[in-house]
Amino acid sequence: MCRVRDFLGKRFHPNAYKHLMPSDGYAPLNSDFDSFFTRRLKRRMEECFAQPVTGVAGRTILILDRYTPDYNQTQITLGTLTRALNVSSYNYLGFAQARGGCADAVEEGIKLYGVTTCGSRLEGGSSDLHTVTENLVAKFLGTEDSLVSSMGFATNSTFIPALVSKGCLVISDELNHASIRFGVRQSGASVRMFRHNNVKSLETLLREVISQGQPKTHRPWKKILLIVEGLFSMEGTMIDLPAIMVLKEKYKFYLFIDEAHSIGGIGQHGRGVADYYGVDPQKIDVLMGTFTKSFGAAGGYLAGKKSIIDRLRVYSYSGPYAEAMPPPVLTQIIASMASIMGVTESIPFSHLTASSFSGDHHPGPISQRYIPAWLPLPPELSSGVEGRERLRRLSFNSYYLHRGLDKLGFITYGHPSSPIVPMLIFSPGKMMMFHRMMKDRETPIVTVVVDYPATPLQTSRVRFCVSASHTKEDIDTILRACDELGDILDLKHGLKKRERWTMDEVSRRAVELVNMPDEERQ
Amino acid sequence: MASASSTLDSVVLTFAQTLSSIERGFYRLPGSGIIERYIRSSHQNDPGRTFLEIIILFLVVGTLLQSRTRADRNNGKNFIEFTDKEIDELVDDWVPEPLSKPLSEIEAAELAAVPVVAGPNGPHPILVNTGKPAVNLASFNFTGLASNEHIKQRAIESMRNHGVGSCGPTGFYGTFDVHVKLERDIAEFLGTEGSILCSQGFSTISSVIPAFCKRGDIIVADRGVTLSIQKGMEISRSTIRWYDHNDLKSLEEVLQSVEKERRKRRLPLTRRFIITEGIFERDGTMTDLPKLIELKYKYKYRLILDESFSFGTVGRTGRGLTELYNVHATKIDMLVGSCSIGLSAAGGFCAGTHTVVEHQRINGPAYVFSASMPPLLAVSASEAINVLLDNPSLLSKLQENIRAAHSLLHPSSAVVSKPSNPASPLPRDAPVFDIAKEERLLQEVVEEAMTQGVMITKAKRVRGLELTEARPSLRLAMSSALSKADTEKAINVLIKILKRKLK
């Protein structure tokens, strides 16, 4: 249908299709088929995406109002601002702040260090602040060593090629993030995929690939690296780490976990999926994660054995070529991470021995020597009280929103403890309406709506990202809005009408909902 | 004869009866009328047409029945059936290689000797390695923006407004007003229609290339382009043709041969790109931009120019090669630069027409799938552009230092790079050509220089990844933050060490 339209359009309205036709001996910059989705679908929903904002990406955010005179072909910014409730930013622990202990630390950091370290890590861009951060990250995760990289995407795309090469096999979850695919493609290793989060499918695949060896030659694989995400950003599903660890023992593959979304937000101590399942982080070969989300900073890290990390430092593209992480970002990481862990002047001896025998991989407060002496942390942060408080609040909010939506009758995906709560809308048209109606409410709420290419077109969804900075009233507001819109747009397909709870009931029985054991949910 | 004909009759009769009973059965089926009408109208008293229809039917059925499993599975000879027990045995037998080999002693020593700055970086940083201050000829602080107090102040203000992280990808509330402003500032600075940011300088070009170049497109690239360009081209799956490093004659020959081949094989018109760097990361040589543009127009190619090292370092106000050669930036289709090198902030950008920029907003992998850069760094970059515009003396001082360094280095070694080149590596006439040996020798020079208070670095690279191995070299980065006297002193120290070591 649209091919016909393009065909006719090119002939009758050549000016409007100029960029798709060969002109003056140049082939068009993008072919009509490649840009089909952009022109015919995405352009018409432009108002849902790339909304410019200002202020802090915290509990609320300021959006720059805009309107479109021509069905989303162009967006005109009006110059006015609207404050909206923000359930969109990856601000799980609420560290996106312009005030408070972390912000003060960053200000101090900029005054001392400036905004850049001038160059790549191996060529004169290393600073003592990098060393401090890397030690702290390793301590936080319970690994031997770690390294930081200035961009989250590049942490995968430039370091994976240093781990695997030709003759190696990468087994990847079918819904892995684009950065992982980018990195694997650059590495030259073979790739096989298994069904999303399906351990059985993984085992079948492992048996096949190990027994068959490399294609054609049947030589054994040099090594097999399994790359999975801890928490999937579009699905909210969490990996079944214990089951994977059992397989790892049996099939001797190496494990790379991308904890971009789970680090900080998941687990009793906020140390990600290993913490959640009580798995020894030393047994996971490579832990990757980003600081963009829970820590309110930017960039990513890789952690593991010292020998692996050192090799990555020298053999990845980032080490010699890419810029090092800037000091303000490093300071933010140190401050936020230290306040999750808590800092003490001296670690009591008894605590040390107790933790090393009890099997607790994430001992409590760290010694003062892990953070720079100049870095000021107010007592409520350094004692770790606020960090624990934030973790608890995030956990409450995640469970509450997830189960609240379920009880109201919506279809949600993912693990209830995940701060990412995807709610299914299915139709892209409804998706746009949902987005607009949420934004135009009395208490405007900004939401992330996603469809192709991030998800299949028929399962368009809205993705809520709860934060520790939200209060229960905020979540109530969101649930109430969803409840009303769900009736208008007919989105409640999860439960039969008589099994649904009313909004008031959900709000009243919130604590009961949150404390419900995981199994009770189908 | 008669009996034979009667047998035939009975056969024909039975056949006719069977046919008519089938027909009756057929007409009793619901929807049979439609099928009948379809067959009638397609047959039209022409058996050929029906024959064609039957072939199509077979093709359709064949396609539907075709195995949909992957090519490397269950596909004939290559798949070997095993019993569960055999698989278990094979699994037990399999011994994988270690995930990564530990570094060799030399590599580990080199990693330990990487200069680490204690405190802020600048012209005279204190090194953790020696505990003493050193003259910095290693870090990219070309125009001395790193220690600019005004930029720091603006960064703090921005942090108090926006926090540190943007906490979101660009498409989903990660686009702050300051990002939009920086994009506009860069576009105005260069004189293009628009620009798009990426949160890391290195990843910018390797994301720009696959956004435009697809399978079947033709890329003509310099043999000496930096690794990020090579990786971007690899990802794009385009057809790549190479021309000799910084040799525009060779480029023209390649362009001609591509065109000839296209004519000969009557290939359709595909997108064609020339990809090169303004100042090469590898050896600091500079591209002859006017000639390159002439060729691009003559052969109708699009030009992707990586100005990572020339943006913010050459030209009267640091606009890069376009300013130096007085070429309008709109003549370069995709102008890629780095805010981290040229503007001492972070990230990179691609400037071009609106079409070029908007296309990347949905097709540039590093733009779409990555969080946007922290707002305070975007503010720093915007501010850095203002500083450059207001202080052309920064650029002239940089050039002065470069000239000073060149005039000193000339007698000690053959310098091939042009004088207006800030990232000038030091080619040497060493008698050894063995990469490992040269690397070791240079490393000794670097370490010796460090103990004498001069911070320099080798051009570090990952061996075995690039198309052609670059000759080991030292990389000196000049800075306008250093006085001429300091620069000369440091270079003299270096020359002394070089003379002793490269005897």
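Summary table below
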quantity	calculated
Residue in region A:238-246 that is outside any loop (DSSP other than H, G, I, E, B), farther than 22 Å from residue A:89 by Cβ, within 14 Å of another protein chain (Cβ to nearest Cβ) and at pLDDT 90 or above present	yes
Unique match (being at pLDDT 90 or above, more than 16 Å from residue A:376 (Cβ to Cβ) and open to solvent by less than 10 Å² (accessible area, probe 1.4 Å)) among A:87, A:106	A:87
Positions within region B:259-270 being closer than 22 Å to residue B:205 by Cβ and modelled with pLDDT of 90 or more, in sequence order	none
Output for region B:210-224, where each listed residue is within 12 Å of chain A (Cβ to nearest Cβ) and not basic (Lys, Arg)	B:210, B:211, B:212, B:213, B:216, B:217, B:218
Subset of region A:294-317 that is more than 7 Å from every other protein chain (Cβ to nearest Cβ) and not hydrophobic (A, V, I, L, M, F, W, C) - its residue that is nearest to residue A:56 (Cα to Cα)	A:294
Criterion: more than 8 Å from chain B (Cβ to nearest Cβ) and under 30 Å from residue A:328 (Cβ atoms) - qualifying residue of A:55, A:100	A:100
Some residue of region A:108-116 being more than 7 Å from chain B (Cβ to nearest Cβ), in contact with a helix residue (DSSP H, G or I) (Cβ under 9 Å, 6 or more places away or on another chain) and not in a helix (DSSP H, G or I)	no
Among (1) within 14 Å of chain A (Cβ to nearest Cβ); (2) of a type in the set (Asp, Glu); (3) open to solvent by less than 80 Å² (accessible area, probe 1.4 Å), the one test that residue B:46 misses	(1)
Within region B:362-387, tally of residues that are closer than 22 Å to residue B:171 by Cβ, part of a helix (DSSP H, G or I) and facing another protein chain (nearest Cβ under 7 Å)	5
Counted residues, region A:117-152 - those being open to solvent by less than 10 Å² (accessible area, probe 1.4 Å), within 11 Å of chain B (Cβ to nearest Cβ), within 18 Å of the chain's Cα centre (by Cα) and more than 21 Å from residue B:108 (Cα to Cα)	1
Qualifying residues in region B:113-135 (those that are buried (at least 19 other Cβ atoms within 10 Å of the Cβ) and at the interface with another protein chain (Cβ under 7 Å from one of its Cβ atoms)) - the one nearest to residue A:114 (Cα to Cα)	B:120
Members of region A:73-94 found to be part of a loop (DSSP other than H, G, I, E, B) and facing chain B (nearest Cβ under 8 Å), listed by number	A:88, A:89, A:90, A:91
Matching residues in region A:403-433 - criterion: being open to solvent by 10 Å² or more (accessible area, probe 1.4 Å), of a type outside the set (D, E, K, R), farther than 21 Å from residue A:49 by Cα and outside any loop (DSSP other than H, G, I, E, B)	A:412
Residue within region A:200-214 that is within 10 Å of another protein chain (Cβ to nearest Cβ), among the charged types (D, E, K, R) and outside any strand (DSSP E or B) present	yes
Number of the condition not met by residue B:471 [criteria: (1) basic (Lys, Arg); (2) open to solvent by 50 Å² or more (accessible area, probe 1.4 Å); (3) touching a Leu at 6+ places or on another chain (Cβ under 7 Å)]	(3)
Residues located in region B:117-151, provided they are charged (D, E, K, R) and either touching a residue at least 60 places away in the same chain (Cβ under 8 Å) or farther than 30 Å from residue B:176 by Cβ (or both)	B:132
Matching residues in region B:199-209 - criterion: being at the interface with chain A (Cβ under 9 Å from one of its Cβ atoms) and either open to solvent by less than 10 Å² (accessible area, probe 1.4 Å) or of a type in the set (Gly, Ala, Ser) (or both)	B:199, B:200, B:201, B:203, B:206, B:207
Scope region A:467-493; condition part of a loop (DSSP other than H, G, I, E, B) and crowded, with 18+ Cβ neighbours inside 10 Å; matching residues	A:467, A:468, A:469, A:470, A:491, A:492
Residue, surrounded by the fewest Cβ atoms within 10 Å (Cβ to Cβ), within region A:290-323, restricted to residues that are in a strand (DSSP E or B) and in contact with a Gly (Cβ under 6 Å, 6 or more places away or on another chain)	A:301
Residues satisfying the stated conditions in region A:257-289, i.e. more than 22 Å from residue A:333 (Cα to Cα) and crowded, with 24+ Cβ neighbours inside 10 Å	A:284
Identity of the residue in region B:159-187, buried (at least 24 other Cβ atoms within 10 Å of the Cβ) and more than 9 Å from chain A (Cβ to nearest Cβ), that ends up nearest to residue A:97 (Cα to Cα)	B:182
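Residues are listed down the side, and each one gets a yes or a no for (1) of a type in the set (Asp, Glu); (2) over 24 Å from residue A:116 (Cβ atoms); (3) more than 10 Å from every other protein chain (Cβ to nearest Cβ); (4) in a strand (DSSP E or B):
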| residue | (1), (2), (3), (4) |
| --- | --- |
| B:330 | no, yes, yes, no |
| B:340 | no, no, no, no |
| B:357 | no, yes, yes, no |
| B:396 | no, no, yes, no |
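So that you can scan it fast, the table gives a plain yes or no per residue for (1) within 14 Å of chain A (Cβ to nearest Cβ); (2) without any contact (Cβ under 8 Å) to a residue 60 or more places away in the chain; (3) open to solvent by less than 50 Å² (accessible area, probe 1.4 Å):
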{"position": "B:459", "(1), (2), (3)": "yes, no, yes"}
{"position": "B:466", "(1), (2), (3)": "yes, no, yes"}
{"position": "B:485", "(1), (2), (3)": "no, yes, no"}
{"position": "B:491", "(1), (2), (3)": "no, no, yes"}
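Yes or no, residue by residue, for (1) modelled with pLDDT under 80; (2) closer than 19 Å to residue A:446 by Cα:
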{"site": "A:28", "(1), (2)": "no, no"}
{"site": "A:33", "(1), (2)": "yes, no"}
{"site": "A:47", "(1), (2)": "no, yes"}
{"site": "A:54", "(1), (2)": "no, yes"}
{"site": "A:67", "(1), (2)": "no, yes"}
{"site": "A:77", "(1), (2)": "no, yes"}
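The values are calculated or read from the model by the stated rules, or taken from the named source; none is laboratory data. Predicted model only: the values in this text are computed from it and were never measured. Quick reminder, even Gly has a Cβ in these numbers, built from the backbone with ideal geometry, and neighbours come from all protein chains shown. Ligands, DNA and RNA are stripped out before the accessible areas are found, and what is left, the full protein with its side chains, is counted by its heavy atoms. Shrake-Rupley method; radii C 1.70, N 1.55, O 1.52, S 1.80 Å.
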